[in-house]
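Working notes, beginning with the structure itself.
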Amino acid sequence: MSISVGIDLGTTFSAVAYIDPKTKLPQIIPNGEGNKLTPSVIQFLDGDVIFGSEAEDAYNSGEENCVATFKREMGVDKPYCYIDGKPYTSEDLSAMLLKHLREDAEAATGETIKDAVITVPAYFYSKEREATIRAAKAAGLKVKKIIDEPNAAAMAYGLNHWRENANILVYDLGGGTFDVTLVHMGKNGVLSTITTRGNHKLGGRDWDARIEDILVTRFESETELDIRGDRELLSIVSGMSESVKKQLSAQNMQATKVSASFPGYGKVTVTITKAEFEENTADLLDRTGALCLAVLEEAGLTHKDVTDVLLVGGSTRMPQVPAYLQRLFNKRPLSHVNPDEAVALGAAIQSSKENESYAALSVQVVDGKKTTDRTKSGLSSHVSVRAERKLNSLSMLTLRETTAHAMGVVAINDEGNHYYNEIIIPANHPRPVRAAKKFRFYTSPRANNELAIYVLQGDSENPLDCQIPYKYVVNGIKHVNRGEKIGTVIRIQYSYDVNGVIHIQARQEDSTVDLPIRRESVPADISQFGRPVTSENTDQGFKVGLQIGTRSSQSLVHKYKAITFSNVEWVKYDNIPTHPSGAEFNEPTVHVIANEENIEFHGYNISEMNEGVRYTIDPSDDFEIECDINTSTISPHPGGYLEISLGLISAHLTENGGDILLDGACVATVAPRFHLKMSLTNGGQYEVEIDGKAVGSKFKASNSDVDVRFGFVHESHYCHLLSHAYVSDISMMQAVGQEGDDNPDTDTWDD
Ligand code: AMP
């Protein structure tokens, strides 16, 4: 036979549970040592890998090659540690631990494990959830579902203590993470998460660190040793801080004596009091309290609406935790569940269930911000809570989880001057959920058009205040000429799956076929999303802000886009490897205006950019460049010149200025400072305007591409000379919708 299990993959301890075939109730499966909990610690010893209490003892006594608390770095690509020179990520270590847990559970039950529900902190982002799934797969487990730890604990509690209409605040303080979740016990045994918040870098370890701090100070003043500056001495103190914390957490314990033996000094004993401990950690509790209040505020409730507070996680055993919560909520928190086991037991309950189907997006806009519409959730302060009862069977209990983080994408605002987080799925929305949304962006008729989607997790309007877990690139996009309406429209479908993992699909406006999409690593420097939309250098090549305008009968509508010039070949001259000083160039401001199908550079910054751009346009395109030019600042780089050309129009300008040519003939001689306007219209009409005066006009039809060049050229200095650039990648997009229209996200697809 094979069984399904629930696994609590904890920061400090892990546990495995299943549904006992006889009692039909969740039960912990003991590990190979006969214990219900397995410390999440690994020791690498002489080619062997050791788990459990032996590894924990080795870790606590400061032995080498021991790793613990690696869950805190889940989803981080960098190695968590190096053992004998070999790198291990948190995901690798979690895979090893999960494999050990699987093998122990299979040995204890005599069954093979068919699939598993694994728990994660509610506040885990998509990448951390994905890393957990990959770790489980690497451990030979089939993941049935990832559920949130507080929800699992609430299930274990709800099975025996169901009270319809109750709002339970699950306060989950573990070894490395903190989650607070408000759950609602609805009709028919439906347990719904309402709101959740957390900090996955806050947990028992932080309390240990404060104890360590107090002890080190005390030992140093007794011994005059430099403990902080000596790794070996410090590890003696850090190894004992958790057990000191537990001693101080025991009932009626007001103070404890702590002895340590330091090499070269001998034994020394100091005292630490409970009052000191509490005083030195009060700020940590306040941080958890602030998140509890935030969760209630988001749900539109007050502390009076909380029916009960449920304690979960080993750190809630510190007596100051329930005392603090009692002060905050004016009621004694419940400790009905074993805080160490409840999460695994709840996961086991979920392992007996089928996964839910996708919910429709249900949003409302409050004060301009998209939030979850909870009007149908059954949540109300005015409904009385029914009497407690035991649910007779597991099938009477259903879990409905929510998204901890809003999901959005980086888009450019309607005015085209800044990037913002366009929220697609708000925080605290029931999951799984999917929503499709239309975006428009500029494409080129001849290029391989690509659209970059930067996914955001977080509520903030500023993309830089959110997590950017993924960058996707959609390709194979057909150029659509839409006349008055600018740009090509793409529908993008965003989903949070049952596990809280994000997925992206894209389709051409009316197509039923998904466009090819690939995931790329998020560039290390994404600071441009915090700046106005202007010329930028990016990781992908050269990027300039584009202004795409269309003239309607009433007004000139301008849309700004950012575009990436890829396939760029730079010729680099290395005599002077770095730019001597950006200030030496007075940065001629280039403002290029283009018509509907046309492109242009604006905010062009000659000292910052790698000195130029070349672009080809279709001869039938209308194109217009307008800019203020100042070439006097070229002089620190003798021999350098500004090269300008648009088809028939060309110029080669030095610090003294130069000639503007039209089809090879000079139409104007300019000083270093002037205002230039060049245009190409009607399939071949070239016009040049200098300082507001027309100086030349010539018609020449052409079937071949028209060359557009704009750049600083220098042959012996640091500068880069652009040799080719083609527009092939439009990297940003705008939501389709008029002002005041929230672009309702309707037409989802699910195949
Ligand atoms: P969890 O991640 O839920 O397994 O919780 C582990 C955390 O609970 C660790 O930081 C432990 O030090 C802490 N913990 C466990 N038992 C106690 C206790 N009796 N008193 C204080 N903290 C405890």
* Asked: Since LYS274 meets every condition but one in (1) within 37 Å of the chain's Cα centre (by Cα); (2) within 16 Å of the ligand (Cβ to nearest atom); (3) of a type in the set (D, E, K, R), which condition does it not meet?
  -> (1)
* Condition check for TYR157: open to solvent by 10 Å² or more (accessible area, probe 1.4 Å), touching a strand residue (DSSP E or B) at 6+ places or on another chain (Cβ under 8 Å) and of a type in the set (Phe, Trp, Tyr) -> no
* To do: Enumerate the pairs (first residue in region 193-208 and within 16 Å of GLY289 (Cβ to Cβ); second residue anywhere and among the basic types (Lys, Arg) and near the ligand (Cβ under 7 Å from one of its atoms)) with beta-carbon separation below 7 Å, excluding pairs fewer than 6 apart on the same chain, so at least 6 apart or on different chains.
  => TRP207/LYS245
* Structure fact -> Residue set THR375, THR402; condition within 29 Å of the chain's Cα centre (by Cα), more than 30 Å from THR23 (Cα to Cα), more than 16 Å from the ligand (Cβ to nearest atom) and open to solvent by less than 50 Å² (accessible area, probe 1.4 Å); output residue THR402
* Number of the exception - PRO87 against (1) within 16 Å of the ligand (Cβ to nearest atom); (2) part of a strand (DSSP E or B); (3) in contact with a Pro (Cβ under 7 Å, 6 or more places away or on another chain) -> (1)
* If we keep just the residues of region 1-26 that are buried (at least 24 other Cβ atoms within 10 Å of the Cβ) and more than 16 Å from the ligand (Cβ to nearest atom), which is nearest to ALA95 (Cα to Cα)? -> VAL5
* **ALA152 being part of a helix (DSSP H, G or I), of a type outside the set (Lys, Arg), touching a helix residue (DSSP H, G or I) at 6+ places or on another chain (Cβ under 8 Å) and buried (at least 24 other Cβ atoms within 10 Å of the Cβ)** => yes
* Within region 4-19, can you find the residues that are modelled with pLDDT of 95 or more and either of a type in the set (A, V, I, L, M, F, W, C) or not in a strand (DSSP E or B) (or both)? -> VAL5, ILE7, LEU9, ALA15, VAL16, ALA17, ILE19
* Asked: Looking at (1) within 16 Å of the ligand (Cβ to nearest atom); (2) at pLDDT below 95; (3) of a type outside the set (S, T, N, Q), which is the one condition that is false for LEU215?
  -> (2)
* What are the pairs, 6+ residues apart or on separate chains, where a residue within region 667-696 that is among the small types (Gly, Ala, Ser) has its Cβ under 7 Å from a residue that is open to solvent by 10 Å² or more (accessible area, probe 1.4 Å) and in a loop (DSSP other than H, G, I, E, B)? -> GLY683/PRO619; GLY683/SER620; GLY683/ALA701; GLY684/PRO619; GLY684/LYS700; GLY684/ALA701; GLY684/SER702
* Limited to region 271-283, what total is found for residues that are hydrophobic (A, V, I, L, M, F, W, C) and surrounded by fewer than 19 Cβ atoms within 10 Å (Cβ to Cβ)? -> 2
* Asked: Of the residues that make up region 312-330, is at least one more than 16 Å from the ligand (Cβ to nearest atom) and touching a Ser or Thr at 6+ places or on another chain (Cβ under 9 Å)?
  -> no
* Structure fact -> Checked against (1) aliphatic (A, V, I, L, M); (2) within 21 Å of the chain's Cα centre (by Cα); (3) open to solvent by less than 20 Å² (accessible area, probe 1.4 Å); (4) at pLDDT 95 or above, ILE133 satisfies every condition except (3)
* With respect to SER249, determine if the residue is in contact with a Pro (Cβ under 8 Å, 6 or more places away or on another chain) and within 16 Å of the ligand (Cβ to nearest atom). => yes
* Structure fact -> Pairing a residue in region 225-245 that is closer than 13 Å to ALA260 by Cα with any residue that is among the charged types (D, E, K, R) and within 16 Å of the ligand (Cβ to nearest atom), where Cβ atoms lie under 8 Å and the two sit 6 or more apart in sequence or on different chains, gives VAL237/GLU212; SER238/ASP208; SER238/GLU212; SER241/ASP208; SER241/GLU212
* Asked: Counting only residues that are open to solvent by less than 70 Å² (accessible area, probe 1.4 Å), of a type outside the set (Lys, Arg) and touching a residue at least 12 places away in the same chain (Cβ under 8 Å), how many does region 334-367 have?
  -> 22
* Asked: Filtering region 184-199 down to residues that are open to solvent by 30 Å² or more (accessible area, probe 1.4 Å) and either within 16 Å of the ligand (Cβ to nearest atom) or part of a helix (DSSP H, G or I) (or both), which residue is farthest from GLY458 (Cα to Cα)?
  -> ASN188
* To do: Kindly indicate the residue of region 88-114 that is of a type in the set (S, T, N, Q) and in contact with a helix residue (DSSP H, G or I) (Cβ under 8 Å, 6 or more places away or on another chain) and also surrounded by the most Cβ atoms within 10 Å (Cβ to Cβ) among those meeting that condition.
  => SER94
* Asked: Identify, please: which residue in region 391-412 is of a type in the set (S, T, N, Q) and touching a residue at least 60 places away in the same chain (Cβ under 8 Å) and is, among those, nearest to LEU25 (Cα to Cα)?
  -> SER393
* **Residue in region 210-220 that is closer than 24 Å to ALA58 by Cα, of a type in the set (Phe, Trp, Tyr) and surrounded by fewer than 19 Cβ atoms within 10 Å (Cβ to Cβ) present** => no
* Residue identified as of a type outside the set (Gly, Ala, Ser), over 22 Å from TYR80 (Cα atoms) and without any contact (Cβ under 8 Å) to a residue 60 or more places away in the chain among LEU159, LEU182, LEU169, LEU215 -> LEU215
* Test: residue in region 492-508 that is over 30 Å from ALA359 (Cβ atoms) and either modelled with pLDDT of 50 or more or assigned to a strand (DSSP E or B) (or both) -> no
* Subset of region 500-514 (residues that are closer than 20 Å to GLN467 by Cα and open to solvent by less than 20 Å² (accessible area, probe 1.4 Å)) -> GLY500, VAL501, ILE502, ILE504
* **Looking only at region 156-183, and only at residues there that are assigned to a helix (DSSP H, G or I) and either within 16 Å of the ligand (Cβ to nearest atom) or out of contact with any helix residue (DSSP H, G or I) (no Cβ under 9 Å at 6 or more places or on another chain) (or both), the one that is nearest to SER393 (Cα to Cα)** => ASN160
* Asked: Do we have GLU33 as more than 14 Å from the ligand (Cβ to nearest atom), more than 17 Å from VAL117 (Cα to Cα) and in a loop (DSSP other than H, G, I, E, B) here?
  -> yes
* Structure fact -> Matching residues in region 656-698 (in a strand (DSSP E or B) and surrounded by 13 or more Cβ atoms within 10 Å (Cβ to Cβ)) number 29
* Options PHE51, PHE70; residue that is out of contact with any strand residue (DSSP E or B) (no Cβ under 7 Å at 6 or more places or on another chain) and either crowded, with 18+ Cβ neighbours inside 10 Å or at pLDDT below 95 (or both) -> PHE70
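The values are calculated or read from the model by the stated rules, or taken from the named source; none is laboratory data. Source: prediction; values computed, not measured. Backbone-built Cβ (ideal geometry, glycine too); neighbour counts: all protein chains shown. Areas reflect the complete protein model, heavy atoms only, side chains present, ligands, DNA and RNA absent. Shrake-Rupley method; radii C 1.70, N 1.55, O 1.52, S 1.80 Å.
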